Amino acid sequence: MITSAPNIDSIEYPFPAKPAVLSDAEKADYKARIKQLLIEQDAVLVAHYYTDPEIQALAEETGGCVSDSLEMARFGRDHPAKKLIVAGVKFMGETSKILSPEKTVLMPTLEATCSLDIGCPIDKFSEFCDAHPDHTVVVYANTSAAVKARADWVVTSSIALEIVEHLDAEGKKIIWGPDRHLGSYIAKETGADMLMWQGDCIVHDEFKAKALRELKIQHPNAAILVHPESPANVVALADAVGSTSQLIKAAQTMANQEFIVATDRGIFYKMQQAAPGKTLIEAPTGGNGATCKSCAHCPWMAMNGLQAIEASLSAEDKTQHEVFVDDALRDEALIPLNRMLDFAKTLNMKVKGNA
Ligand code: SF4
């Protein structure tokens, strides 16, 4: 029986091949074909902030949306289209299917996964929870449908603090999974009794505090924006800590003209739209050397290329693209998800903001 969270440092991630580089003419052809197929199939493209800028632009041009995973799922649920093309990673397709069971949910590739999801397999996580039956299980949205179904609460990064504060005030002890950095940040802010699963996001885990301090010396007037999936010594240097949507808002509303941004660089597309004229600088990672696995861009998000989107719409055999969630699992996963949404209503806030 597992009584402490397993160390996942030894996990070897199956990094995917990068999509083929396309010429401008090929890109134009794929875009035209995708636009036509979306109309013919009554489909809408929803893209995550971390996908490549041209995919985000295509979602906007075609009446889709660019957002965080929960907002993507809600947009898909509320949009009249019968088919959702989810450009993101697999747990995002699952969340969309959970909220829109009657719709066809397709992904450019079902192989686009997430280190938090891979690092939190349901059998091990469930064993860990079973070993601590007196704890309330709170999981981040970046998990499989099965892990969500095992939880008491699902949270996003924009409401995690409030929910953990609420549970702490009720005297609850908490199992937190899977992101250890986000969990540590919340434990520090709330003082709650939290037992951590030891997962991490390979993108945020690689931001480096020493190099960030050096970069700040070169840009003394820049504000540092940090997503809380980053290590604690990076979060400690931040002028603003928050979810993807909160960081975009910070770039828009803070008076600074320069920002050093510690999250996936895909966010620069929407951040620059929100803060035109301001300078956005990537926070330093391990670089191209030995330790950098992602270099501030999620390799799984990068799988959502134009070719793959076109294939999801045109392939006769959809087995590489269609997302299914078992009905019973969906019903179970909806309970902790709705608990979060109902709690958000009591705070009168719109829940946004997982990675
Ligand atoms: S950026 Fe990190 S949390 Fe987001 S999908 Fe990639 S590995 Fe997962």
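A single entry from F75, F91 fulfils the requirement of being closer than 18 Å to L116 by Cβ and either of a type in the set (F, W, Y) or more than 16 Å from the ligand (Cβ to nearest atom) (or both): F91.
The residues of segment 68-89 that are under 22 Å from H227 (Cα atoms) and at pLDDT 95 or above, listed by number, are A87, G88, V89.
Taking only pairs six or more apart or across chains, which ones have beta-carbon atoms under 6 Å, a first residue in segment 121-132 that is closer than 16 Å to A145 by Cα, and a second residue that is of a type outside the set (S, T, N, Q) and part of a helix (DSSP H, G or I)? Filtered contacts from segment 121-132: I122/A146; I122/V147; F125/V147; S126/R150.
Of all positions in segment 256-266, none carries a residue that is crowded, with 18+ Cβ neighbours inside 10 Å, of a type in the set (S, T, N, Q), modelled with pLDDT of 95 or more and within 30 Å of A131 (Cβ to Cβ).
Can you confirm whether segment 182-189 contains a residue that is more than 19 Å from W300 (Cβ to Cβ) and not assigned by TED's automatic domain parsing to the domain that holds V155? Checked against the condition, which is being more than 19 Å from W300 (Cβ to Cβ) and not assigned by TED's automatic domain parsing to the domain that holds V155, segment 182-189 yields no hits at all.
Out of everything in segment 80-98 that is among the hydrophobic types (A, V, I, L, M, F, W, C) and touching a residue at least 60 places away in the same chain (Cβ under 8 Å), what residue ends up being nearest to P299 (Cα to Cα)? Only one residue fits best here, namely V89.
Picking from residues in segment 282-306 that are away from the ligand (no atom under 16 Å from the Cβ) and crowded, with 17+ Cβ neighbours inside 10 Å, the one that is modelled with the lowest pLDDT is P284. The listed residues are V325, V234, V241, and the only one of them that is β-branched (V, I, T) and touching an Asp or Glu at 6+ places or on another chain (Cβ under 7 Å) turns out to be V325.
Can you confirm whether segment 313-333 contains a residue that is under 20 Å from M92 (Cα atoms) and either among the polar types (S, T, N, Q) or in contact with a Phe, Trp or Tyr (Cβ under 8 Å, 6 or more places away or on another chain) (or both)? Yes, there is a match, as at least one residue in segment 313-333 is under 20 Å from M92 (Cα atoms) and either among the polar types (S, T, N, Q) or in contact with a Phe, Trp or Tyr (Cβ under 8 Å, 6 or more places away or on another chain) (or both). If the condition is being outside any strand (DSSP E or B), closer than 22 Å to L306 by Cβ and of a type outside the set (A, V, I, L, M, F, W, C), then segment 82-102 contributes G88, K90, G93, S96.
Each row is one residue, and each column tells you yes or no for (1) assigned to a helix (DSSP H, G or I); (2) over 15 Å from the mean Cα position of the chain (by Cα).
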position	(1), (2)
F15	no, yes
L22	no, yes
A25	yes, yes
D29	yes, yes
R33	yes, yes
L38	yes, yes
L58	yes, yes
G63	no, yes
V66	no, no
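Please enumerate the residues belonging to segment 112-134 that are assigned to a helix (DSSP H, G or I) and either buried (at least 24 other Cβ atoms within 10 Å of the Cβ) or under 12 Å from the mean Cα position of the chain (by Cα) (or both). Residues satisfying the conditions are S115, L116, D117, F125.
Residue by residue, here is whether (1) assigned by TED's automatic domain parsing to the domain that holds H48; (2) in contact with a helix residue (DSSP H, G or I) (Cβ under 6 Å, 6 or more places away or on another chain) holds:
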{"position": "A209", "(1), (2)": "no, yes"}
{"position": "E229", "(1), (2)": "no, yes"}
{"position": "V234", "(1), (2)": "no, yes"}
{"position": "A238", "(1), (2)": "no, no"}
{"position": "Q252", "(1), (2)": "no, yes"}
{"position": "A308", "(1), (2)": "yes, no"}
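Applying the criterion of being of a type in the set (D, E), at negative phi and in contact (Cβ under 8 Å) with a residue 12 or more places away in the chain to the residues of segment 28-79, the residue that is surrounded by the most Cβ atoms within 10 Å (Cβ to Cβ) is D68. Here the condition is being of a type outside the set (K, R), on the phi < 0 side of the Ramachandran plot and in a helix (DSSP H, G or I); of V164, V137, it holds for V164 alone. When S157, S230 are screened for being within 16 Å of the ligand (Cβ to nearest atom), surrounded by 24 or more Cβ atoms within 10 Å (Cβ to Cβ) and over 19 Å from F91 (Cα atoms), only S230 passes.
The values are calculated or read from the model by the stated rules, or taken from the named source; none is laboratory data. Bear in mind that the values here come from a model prediction, so they are computed numbers and not experimental data. For neighbour counting, all protein chains shown are included, and Cβ atoms are generated from backbone atoms with ideal geometry for every residue, glycine included.
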